[in-house]
Amino acid sequence: MKKFLIIFVIWIIINIVLYYLGAFNTILSSAGVDPSVFVPTGFNSAPTTNPQNAFSGYEIAKKVFNEFTEQTIDKNGFYLRIDKINLFKRVIPNVDPRDQGLYVDSWNYGISHGEFTSTPDKIGLTYLFAHATSNKADALDQNAWFTYMDQVVVGDTVIIYYEGNKYTYIVSEILVVSPDATGYYTGASPVSMVRMQFCGPPTGSLNARTLVDALLVTTEPIN
Amino acid sequence: MNNFLKKTSSIASLAIIAVSVPITIAVLNSGTFNFKINALLNDKPKNVVISDISGDSAYVTWETEKSVIGMVKLTGSNKIFTEKTSSSFHLIELNTLTTTTKYTFSVYSDGSIYNDNSYTVSTSNTVSNPNKTPFMIFGQVFGINGTTVQQEGLIYITVSDGKNISQKIPALLNKSGGFQVDISNLNFDYQKSVEVTLLTYYDSVKDPIQKEFTLDLSKTRQIPNIYLGDVEISVIPGVNGK
């Protein structure tokens, strides 16, 4: 009995150490379990506080909408490009939408990718969000990268560069929803798609949210 | 006496094992427990369908009992069209074809080559416009129980606007039960409602399931969920005016 208890305690300690070393995910993957859907109770229930230098690995975004070209991007990075509105910005991955301080800070570096949502390489919904303002003259100073998103219409092309691949989407639907309709914030979709969210209408208003949905059409490696 | 007992029990054990092996294989193979032994499954293509034929492309689809990577080779050409992953449901697009030409092809399945008189495709005289903006519609298929997604299958979609009817457009189901097709090549008014017929093959020994829906393209691109079981949901629960 004593031996059994000692072995059990050692087993528990090994599991805790493995979890914090990240090896737990590797073990889950090798066992055929998707680590991203394995959320231990109690580890994911509260918003994080806004840590200093949370995005220190990224350069501060330049005050232009069209910051990059296909030639100047990091091929393994994450970028959003919409030629219709002359937008080409970096995307900051896994930004917690519950932490206003954190996501506002992320806009200093680019467009936010919503934490707990999918990525372009997977079947699912990739959720992107950024600030938009009614005063277009102040848009750059306010990091309001989605200010001109209200000009995007169904049928327009959206391109995402993600970890070595170029994903081309076509806008399929534009929805106006209540800010309380949090069900739209999801990573679930039966097909690969991107949802881009900004405040409005009218653009910049906090009374409504506009969701621009686009369906994946082609995937090709970045040359 | 002890030796006799030992001998008898050994012989009895061997007899039980000898009998149980073929019985187990027969029971598993019968599908009673929904198990399949890959080595006993057939890789021969069945239900080979050629669809969505244009002047420069066509789709070849088929099923196999065994999960394999399929290939198609045009007769008289060195070009081989190959799938990326193995499955029991197969879809290959033959592209860069020449207009108004009759092709014959072979289907490669798990290393075996299959030919049939019906393995032919005749291209039309109309080439699809490569610069046309895709118009995607999509949906999701749920299994017999209605709660889990159908992670493998082949679906044929036919769209009609009342005047014109499309060819069968094929799509494979992904691991989320999802599928999407491009209907931009149809000469439809995309701001109106269309009738969508979906024929889903989900099990190589079972009949396909057909469903029909009206889809208002001006409002949504998502086809209502397809339930392979006896589930019909035509309206979301609610009370008029509330």
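Observations, loosely collected:
- Taking the C-alpha atoms of the protein assembly as shown, convex hull volume expressed per residue in Å³: 254 Å³
- Here is the P(r) of the range A:74-140: all C-alpha pair distances, binned every 10 Å from 0, give 19, 49, 28, 3 in whole percents.
- Here the calculated FRET efficiency for B:Asn42 and A:Leu175, from their Cβ-Cβ distance with R0 = 45 Å, stands at 0.45, rounded to the nearest 0.05.
- Magnitude of the charge dipole, the range B:42-122, Cβ model with Lys/Arg +1 and Asp/Glu -1, debye to 20: 180 debye
- Residues in the range A:136-178 that a label on A:Ala208 would reach, taking backbone N under 17 Å of a point 7 Å out along Cα→Cβ: A:147-154, A:173-178
- Entry for the range B:122-201 at q = 0.16, 0.24 Å⁻¹: log10 I(q)/I(0) = -0.69, -1.18, Debye formula applied to identical alpha-carbon scatterers, no solvent contribution.
- The equivalent ellipsoid that matches the C-alpha gyration tensor of the range A:53-221 spans semi-axes of 20, 19, 16 angstrom, in descending order.
- Virtual paramagnetic centre 7 Å along Cα→Cβ of B:Lys79, amide N under 11 Å, in the range B:39-69: B:56-58
- Mean projected area in nm² (Cα convex hull; one quarter of hull surface) for chain B: 21.1 nm²
- Taken over the alpha carbons of the range B:42-122 as equal point scatterers, the Debye sum produces base-10 log I(q)/I(0) values at 0.17 Å⁻¹ of -0.59.
- Listed residues B:Asn95, B:Asn174, B:Asn78, most fluctuating in chain B (Gaussian network, C-alpha, under 10 Å): B:Asn78
- Per-pair calculated FRET efficiency, R0 = 35 Å: B:Val231 and B:Ile23 via Cβ, rounded to 0.05: 0.45
- With the charge dipole of the protein assembly as shown set up from +1 on Lys and Arg Cβ and -1 on Asp and Glu Cβ about the Cα centre, the Cα lying farthest toward the positive end among the listed residues B:Thr99, A:Leu87, B:Tyr156 is that of B:Tyr156.
- Cα gyration tensor shape of the range B:57-172, rounded if a/c is under 1.5, else prolate or oblate by comparing a/b with b/c: oblate
- Mean sequence separation of contacting Cα pairs (under 8 Å, at least six apart), scaled by the length of chain B, corresponds to a relative contact order of 15 percent.
- Quotient of Cα Rg and 2.2 N^0.38 Å for the range B:154-200, N being how many residues it contains: 1.18
- Angle between chain B longest axis and helix B:2-29 axis [Cα atoms, degrees, rounded to 10]: 10 degrees
- Projected area, mean over directions - the range B:164-242, Cα convex hull, nm²: 7.3 nm²
- Along each principal axis, Cα extent of the range B:109-242, largest first, Å: 60, 36, 23
- Summed residue charge, Cβ within 14 Å of B:Asn129's Cβ, Lys/Arg positive, Asp/Glu negative: -1
Values quoted throughout were computed directly from the atomic coordinates according to the rules given, and no laboratory measurement underlies them. Quick caveat, the model's predicted, so the values are computed rather than measured. Cβ coordinates were reconstructed from backbone atoms using ideal geometry, including for glycine residues, and neighbour counts include every protein chain displayed.
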